[in-house]
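This report refers to the structure that appears directly beneath it.
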Amino acid sequence: MLIKKLILYTLGVISLFLISYNVHHYLTLKFEIYHPYSLWSVYLYQAIASYILVVVFELLASLTKEFKDQLGFLYLGSMAVKVLFFCVLFRDVIFFGPDLSKIDSVSLLLPIFIFIFYEVIVIVKILNRETQN
């Protein structure tokens, strides 16, 4: 059962990554918007980080009962770590690059919100499943 869930999470993240990136990339090309950062890198980071979070929480929920009551709090802490790593990896764009236009800022934040939405859906399902057991 655990393997099936991990495969579903993998397919979910890959599908979300491919669909959202391609739509976003298509729209930037159609409207001739050029960002001072790699949109691919932003989406790839968010997809990988979200996948890691979801898999870790599934493993914690499935393999150990110690953290059952703390999974929600662990998720909040992991979000802070995810944002910290994002800021470190993209520090040149965020802190030292040229001032971002509103379109650049929205394009930078959009993948973050897309993958947070995915994470929240999956983690809520995990938490609900754990409270029912």
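The values are calculated or read from the model by the stated rules, or taken from the named source; none is laboratory data. Just so it is clear, the structure is predicted and the values come from calculations on it, not from any experiment. Because the Cβ atoms are built from the backbone with ideal geometry, glycine has one as well, and the counts that use them run over all protein chains shown. For the accessible areas, the whole protein counts, side chains as well, though only heavy atoms, and no ligand, DNA or RNA atoms are used. Shrake-Rupley method; radii C 1.70, N 1.55, O 1.52, S 1.80 Å.
Structure above, values below:
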| item | result |
| --- | --- |
| Candidates VAL13, VAL93, VAL55: whichever shows maximal mean-square fluctuation once the chain is modelled as a Gaussian network with Cα springs under 10 Å | VAL93 |
| Angle between the chain longest axis and helix 71-89 axis [Cα atoms, degrees, rounded to 10] | 30 |
| Helix 39-63 vs. the chain, principal-axis angle (Cα, 0 to 90°, nearest 10) | 10 |
| Principal-axis tilt of helix 102-132 within the chain, Cα atoms, nearest 10 degrees | 10 |
| GluC sites (Glu not before Pro) within the stretch 1-102, DSSP loop, no more than 10 other Cβ atoms inside 10 Å | GLU32, GLU66 |
| Quotient of C-alpha Rg and 2.2 N^0.38 Å, computed over the stretch 71-133 | 1.44 |
| Calculated P(r) of the stretch 22-80 - Cα pairs past 19 Å, % | 49 |
| Solvent-accessible area per residue for the chain (1.4 angstrom probe, square angstrom) | 63 |
| Against the rule of thumb 2.2 N^0.38 Å, how large the Cα Rg of the chain comes out | 1.17 |
| Surface accessible to a 1.4 Å probe, ASP92 within the full protein complex, Å² | 100 |
| Sparse-neighbourhood loop sites, chymotrypsin sites (Phe, Trp or Tyr not before Pro) in the stretch 1-61 - DSSP loop, at most 13 other Cβ within 10 angstrom | PHE31, TYR34 |
| Whole-number percent relative contact order across the chain, with pairs defined as alpha carbons under 8 Å at least 6 apart | 36 |
| Within straight-line cross-link reach of LYS68, aspartates and glutamates at Cα separation under 13 Å, skipping those fewer than 8 residues along the same chain | GLU58, GLU130 |
